[in-house]
Amino acid sequence: LKCKCGEKWQEIAPLILRIVIGVIFIAHGWQKISAPDGVIEGFFSQVGIPMAGFFAVLVAWVEFLGGIALVVGFLTHWATKLLGIIMLVAIFMVHIKVGLIGPNSMELPLSLLAGLVSIMIMGPGKYSIDCWKNTMVDGNK
């Protein structure tokens, strides 16, 4: 028996992936934005990230705004690229030292990276501002 789930729900899959991953990034970005002054900068310094103050603010806002962009499907390709870069840096600067499983391991950033790459490859899907915007520009539908 062949499952027809893919045919029936194909348009929903990117939406679910975008929303779940986007909400995770919104939460992590907001956590960094609302942290007491210097906490995130101190952590970034401790793990060896240069210009820690600058990158702490940049990462916080990219995570927060990039998460929102994913949820609504706006500038999705660029949001996935920027967030993917952040995940790669997090994996190689912090989490790889711990390994795949355990506290502060690379399982969450690696899973998020896989989801981001999947969204980048398949596109934001039908239920996104990007799709609506392209439809309006191209005159289709």
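Filtered by the rule that a residue be at pLDDT below 95 and either closer than 14 Å to PRO14 by Cα or touching a Pro at 6+ places or on another chain (Cβ under 7 Å) (or both), segment 94-120 gives a lone residue, HIS95. Take the conditions (1) modelled with pLDDT of 95 or more; (2) of a type in the set (A, V, I, L, M, F, W, C); (3) surrounded by 19 or more Cβ atoms within 10 Å (Cβ to Cβ); ILE91 misses just one of them, which is (3). Each residue in segment 106-124 was checked for being open to solvent by 20 Å² or more (accessible area, probe 1.4 Å) and either aliphatic (A, V, I, L, M) or not in a helix (DSSP H, G or I) (or both), and 10 pass. Close contacts from segment 114-141, counting a first residue that is polar (S, T, N, Q) and a second that is modelled with pLDDT of 95 or more, with Cβ to Cβ under 6 Å and a gap of 6+ residues or different chains, come to SER128/GLY73.
The values are calculated or read from the model by the stated rules, or taken from the named source; none is laboratory data. Everything numeric here is computed off the predicted structure, so don't read it as measured data. Note that we place each Cβ from the backbone using ideal geometry, even for glycine, and neighbour counts take in every protein chain shown. Just the protein is used for accessible areas: all its heavy atoms, side chains included, with ligands, DNA and RNA removed. Shrake-Rupley method; radii C 1.70, N 1.55, O 1.52, S 1.80 Å.
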